[in-house]
Structures are given as C-alpha cells and as structure tokens.
Amino acid sequence: MPSGQRAPGVGPLAIAAYCGTNRGTDPAYAGAAASLGRLLAERGIRLVYGGGRRGLMGVLADAALGGGGEVHGVITRALVGKEVAHRGLTELTVVETMHERKAAMADAADAFIMLPGGFGTLDEFFEALTWTQLGIHAKPCGILDVAGYFAPLTKMLDTATREGFVVPAHREMVITESEPGPLLGKLISWTPVIAGKWTDG
C-alpha cells in the first residue's frame, strides 16, 4: 500500500487522473479531458495516469504532452500486450497486476482526479479516496463532474452520509467541480481532514 504525507499548503507536483478508455457519447467529456491536460502542463504539474492511448485517457495524455507537460503512464503487462499502451509518454511503467498499478499510481501522485469513466475509473478513485479517509496517505481527491455525469454518484454519497455510513467530514473530502481550473485550485489549497471513520461509537 502507498504511504506518505503531503505537506500542508504545498500544491501537488503530480496528479493521478482516472478516466475512461472510451470517449463516451458526449463530446464534452473529451473536451474536459483535453482542458485538464493542458492546464496541468501549463501549471507544471506532472500527469500520472493509466498509460493508455485510447478514449479519454489518450485525449488527456496527448493534451498534456502537447502543452509541453510531463506524463507518467502506469500500465499492466497484459494491457501492453493488447497494444493499448501509449508509446509517446515521458515515462511508462509496466507492472504485472492491477493492484500494483493502483499502488504505483498512488505513490507517484500528490492528488487524484476522477473524470468520466466506467468500472475501473470508479474503482481506482474510490480506493485512493479510502486511503485518504483511513490516513494511509494524506492526498486530496477531486471529481471533475463534466456535464453532470457524476450527479447520481454525488447524490449517492449524500445519501450514504445522511444514512450514517459516511461521516460528514469525510463526505467533504470529495471535492467536486465542473471545470478543471476551480477543481485544481481546491486541490492545491486542500488540507487533510482529521476525523474518525465510525459514526456510532
């Protein structure tokens, strides 16, 4: 499991982004991925992502590279074998398992952003979020809610909080914005939350 504490008040030097290997049906998804990639490059923030060349992953990486940014991909050997690896990255790390991939990305990043995606996107983001919740690392987690894609998810998080499964301080850890700029600003200014996980003694 990853470890490490982010110094308070210090902005991220590297951000791990989780997003789909497809582009989705709304062109706004790819537009937001490209905007985020360009913004990270402009701010001198290294992008860490899943190493693929397809879908939103490829759009994000290409935009960051096109803006002169550094991009570190982490991919499993099996996916490289299926020829989905991006071959033009600053750095490409090949690991054996998905568990190793998630841990390597978390170790390499100072913060996490989830863009639209499917099962894998949700899995990776919520594992990183849980590690922040448990104090395994002290790194902010943000959702880029493009065109309301994550509205049902954020509603579910509100329900989980209302019903006593998530403490309010932990619900507030999930930073949600519809534009890359404001989201990045909140990730930079974030300070760790100190709260117990349990709601009922």
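The values are calculated or read from the model by the stated rules, or taken from the named source; none is laboratory data. Quantities reported herein were computed from a predicted structural model and do not represent experimental measurements. Backbone-built Cβ (ideal geometry, glycine too); neighbour counts: all protein chains shown.
The table that follows gives values for the structure above.
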read-out: Among residues of the range 79-99, those that are touching a strand residue (DSSP E or B) at 6+ places or on another chain (Cβ under 8 Å) and farther than 14 Å from LEU47 by Cα, counted; value: 9
read-out: Residue within the range 156-167 that is surrounded by 15 or more Cβ atoms within 10 Å (Cβ to Cβ), modelled with pLDDT of 95 or more and either charged (D, E, K, R) or touching a strand residue (DSSP E or B) at 6+ places or on another chain (Cβ under 9 Å) (or both) present; value: yes
read-out: Residue in the range 134-155 that is under 13 Å from the mean Cα position of the chain (by Cα), surrounded by 14 or more Cβ atoms within 10 Å (Cβ to Cβ), of a type outside the set (S, T, N, Q) and in a helix (DSSP H, G or I) present; value: no
read-out: Test: residue in the range 64-87 that is within 30 Å of PRO168 (Cα to Cα), aliphatic (A, V, I, L, M) and crowded, with 17+ Cβ neighbours inside 10 Å; value: no
read-out: Test result for LEU65, in contact (Cβ under 8 Å) with a residue 60 or more places away in the chain and either in a helix (DSSP H, G or I) or not aromatic (Phe, Trp, Tyr) (or both); value: no
read-out: Selection within the range 8-28 - over 15 Å from the mean Cα position of the chain (by Cα) and either crowded, with 20+ Cβ neighbours inside 10 Å or among the aromatic types (Phe, Trp, Tyr) (or both); value: GLY24
read-out: Residue count, the range 143-176 (criterion: in contact with a Pro (Cβ under 7 Å, 6 or more places away or on another chain), β-branched (Val, Ile, Thr) and under 20 Å from THR121 (Cα atoms)); value: 2
read-out: PHE112 surrounded by fewer than 17 Cβ atoms within 10 Å (Cβ to Cβ), of a type in the set (A, V, I, L, M, F, W, C) and under 22 Å from ILE75 (Cβ atoms); value: no
read-out: Scan of the range 29-50 for residues that are more than 13 Å from the chain's Cα centre (by Cα) and small (Gly, Ala, Ser), ordered by number; value: ALA30, GLY31, ALA32, ALA34, SER35, ALA41, GLY44
read-out: Near pairs, Cβ below 7 angstrom, 6+ apart or cross-chain, from the range 160-188 (in a loop (DSSP other than H, G, I, E, B)) to any residue that is among the hydroxyl-bearing types (Ser, Thr, Tyr); value: GLY164/THR199; VAL167/THR199; MET173/THR132
read-out: Per-region count, the range 123-152, residues without any contact (Cβ under 8 Å) to a residue 24 or more places away in the chain and of a type in the set (A, V, I, L, M, F, W, C); value: 2
